[in-house]
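**Student:** Mind having a look at this structure? Questions to follow.
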Amino acid sequence: MENSASDTDPIPRISEKVCFDANLELMLAIFLPQVEGTIAATALISITNDLRGFNESSWIITAYMLTYTCFLIISAKLSDIFGRKSLLLVSVGLFVIFSAACAGAQSMTQLIILRAFQGIGASGTYALVTVILFELVPSEKYASYTSILAAILGTSLVIGPILGGIICNFTTWRWIFIINVILGAITIVLLSLALPKNYPHHHLPESMYKPKTLSESFSRQQFGRVDFIGTGLLLCAAILLIVALEETGIDYKWNSGFIIAVLTISIISWISFFAWSWRITSWDGTREPIFPWRFLTSRTCAGLFIIVFLTGMPLTVALVQLPLRFQVVNGLSQLNAGVRLLPFLAFTHVGSMVTAGVEGKFKVPPLYMFIAASCLQIAAFTLLSFSPTDSHINHAQYGYQAMAAIAIGSSLASLTVMAPFMVEERDKSVAMAAVLQFRTMGGAIGLAIVTTVMNRYIKTHLSEILTPNQVHEILRSTESLALLPPSALRPVTETFARGFNLQMRILIGTSVAQIPFSMLVWRKKQIVV
């Protein structure tokens, strides 16, 4: 078991110039799927008003996150089999193709389906860039590269909402996808030139590693190593769980036959997935488990994945719901809502960079930083849960957002840098992808939960002051608010505000839960980087 940065090193280094060039292209590649999420979140109102489906708005984000989440580990495993460089280029290519398709979507159903396929490409891009970055540098530089990675992600978070607001204010929302096509095509060309041929086996002489032909790379023997059953079970379990959470509160009740059936199949799929992981891990065969059972038998690994899951919830919920609050409750445009989100986005980046720097320079164990960050999260979301319910914006809200952002950024940086030292060498790429997968899965499930709770709250309380048809139209498109008389508009927006505050109270619970679960990661000799 790994304890410090000096204990292990990744594959042999490439030259500094090649490494520098490769890093630039990798950072551009990881920038695209990250900025996509925040642009889409800011543009939700324009998209749903154009395609008529506010009550399905979270699915635009959730569909993307579902496939983004579920293909992180499989992308890392496939790159072990078919090569990092080739899988990365394929992933960016998929992202570009389905971004173009999203730009041409004519209905909410089309857009949601295409966003799911776009998420597959984004997933592979994010997972493989992260794995390659940690392979390119020695382990004593992990903290520094975590800071650099945080800087890129933080920049994408800041630029995304502003760019989304500008696009929606001055042109059609479809340009948020067209931009991906242009930048993605450039990225494919640059990556194909920057990464060495046969990476990560480029350092081996031909006598030790003979490059495979196309037919050899995609032979039956190679595909036999892929855990398709485990992947299918994981996809089924996660997707059905999110479907049940999303549909409850709008079209179905918890005790409806549809919801019960979907949840039952999801639970069976989860049980089957973990049982299959145990079976295939102990099986002396060529097939490699998508999620090794040894991850779950390790107390520290299991604890890491749980707290990563819990940390993903507040990040995603805040990114999606804060701009919606500014638009619906405070009456701001999409551009202004994106600007108001800047404190959260900027300080997420600051929290990650400062934490990685402190852990690297002063050798503070990442676990200690994580526990402190969890306490700060609790305080921040408690304050946000008491935000005013009128249209006035209390300037203190920006400070509370900054507190929450610093805490979340610090948590994510600490967890990311811990992962490589908790697993065996053979599991490092999958472990890194698993951290990303559990974080995004937590975000998807967290978003589904708070959206369901808020939709039920709004539907229940608006039914007391509006007709069923008015409630239905408001849930479909917030443009319907403009049709309400002034006497009815204020209580409606106040109801929305209380619903958003309720979401923040849910995040208090997830932040509190992080602390006891972090004790699972505790060890006598703490990890330092």
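The values are calculated or read from the model by the stated rules, or taken from the named source; none is laboratory data. Since the structure is predicted, the reported quantities are computational estimates derived from the model, not experimental observations. Cβ coordinates were reconstructed from backbone atoms using ideal geometry, including for glycine residues, and neighbour counts include every protein chain displayed.
**Student:** Does I290 fit the bill of being surrounded by 17 or more Cβ atoms within 10 Å (Cβ to Cβ) and more than 22 Å from the chain's Cα centre (by Cα)?
**Tutor:** The answer is no for I290.
**Student:** Pick from region 440-458 the residues that are farther than 22 Å from L88 by Cβ and β-branched (V, I, T): which of them is nearest to the chain's Cα centre (by Cα)?
**Tutor:** I445
**Student:** I've got another one for you. Could you list, in sequence order, all residues of region 95-131 that are farther than 20 Å from W59 by Cβ and either of a type in the set (A, V, I, L, M) or touching a His at 6+ places or on another chain (Cβ under 8 Å) (or both)? Break it down stepwise before answering.
**Tutor:** Quick first cut of region 95-131, residues farther than 20 Å from W59 by Cβ only: 96-97, 100, 124-131.
Once the filter is applied, which keeps residues that are farther than 20 Å from W59 by Cβ and either of a type in the set (A, V, I, L, M) or touching a His at 6+ places or on another chain (Cβ under 8 Å) (or both), region 95-131 yields V96, I97, A100, A127, L128, V129, V131.
**Student:** A further question on this structure: Looking at I307, is it under 23 Å from K525 (Cα atoms), in contact (Cβ under 8 Å) with a residue 24 or more places away in the chain and either of a type in the set (K, R) or in a helix (DSSP H, G or I) (or both)?
**Tutor:** Criteria met by I307.
**Student:** Sticking with this one: What single numbered condition from (1) touching a Gly at 6+ places or on another chain (Cβ under 8 Å); (2) surrounded by fewer than 24 Cβ atoms within 10 Å (Cβ to Cβ) fails to hold for L489?
**Tutor:** (1)
**Student:** Would you say L502 is in a helix (DSSP H, G or I), assigned by TED's automatic domain parsing to the domain that holds E56 and under 23 Å from D390 (Cβ atoms)?
**Tutor:** So L502 passes the test.
**Student:** Something else now. Only helices (runs of 4 or more DSSP H) wholly contained in region 1-91 count here; list those with 1 or more residues that are at pLDDT below 75 and buried (at least 24 other Cβ atoms within 10 Å of the Cβ).
**Tutor:** Once the helices (runs of 4 or more DSSP H) in region 1-91 are filtered for at least 1 residues that are at pLDDT below 75 and buried (at least 24 other Cβ atoms within 10 Å of the Cβ), what remains is 16-42, 57-70.
**Student:** Let me ask something else. For region 125-158, what are the residues that are small (G, A, S) and under 16 Å from M432 (Cβ atoms)?
**Tutor:** Within region 125-158, A127, S139, A143, A150 meet the criteria.
**Student:** Would you check if L324 is under 26 Å from N501 (Cβ atoms) and at pLDDT below 90?
**Tutor:** yes
**Student:** Quick one: T440 ticks every box in (1) over 26 Å from S298 (Cβ atoms); (2) among the hydroxyl-bearing types (S, T, Y); (3) surrounded by 24 or more Cβ atoms within 10 Å (Cβ to Cβ) bar one, so which box is it?
**Tutor:** Only one criterion in (1) over 26 Å from S298 (Cβ atoms); (2) among the hydroxyl-bearing types (S, T, Y); (3) surrounded by 24 or more Cβ atoms within 10 Å (Cβ to Cβ) is unmet by T440, namely (1).
**Student:** Here's another thing I want to ask about it. Would you check if there is a residue in region 360-371 being crowded, with 18+ Cβ neighbours inside 10 Å, in contact with a Pro (Cβ under 6 Å, 6 or more places away or on another chain) and in contact (Cβ under 8 Å) with a residue 12 or more places away in the chain?
**Tutor:** No, region 360-371 has no match at all.
**Student:** Would it be correct to say that T300 is β-branched (V, I, T) and not in a helix (DSSP H, G or I)?
**Tutor:** For T300, the condition - β-branched (V, I, T) and not in a helix (DSSP H, G or I) - is not met.
**Student:** While we're looking at this one, here's another question. Have a look at Q397, Q437 and point out the one that is more than 18 Å from the chain's Cα centre (by Cα) and assigned to a helix (DSSP H, G or I).
**Tutor:** Exactly one residue qualifies, and that residue is Q397.
**Student:** Let me ask you something else. If you go through region 499-529 one residue at a time, how many are over 26 Å from the mean Cα position of the chain (by Cα) and either surrounded by fewer than 16 Cβ atoms within 10 Å (Cβ to Cβ) or within 17 Å of M403 (Cβ to Cβ) (or both)? Full working, then the answer.
**Tutor:** Here is the first cut: in region 499-529, the ones over 26 Å from the mean Cα position of the chain (by Cα) are 523-526.
Restricting the remaining residues to those that are either surrounded by fewer than 16 Cβ atoms within 10 Å (Cβ to Cβ) or within 17 Å of M403 (Cβ to Cβ) (or both) gives 523-525.
Adding up the residues that qualify gives 3.
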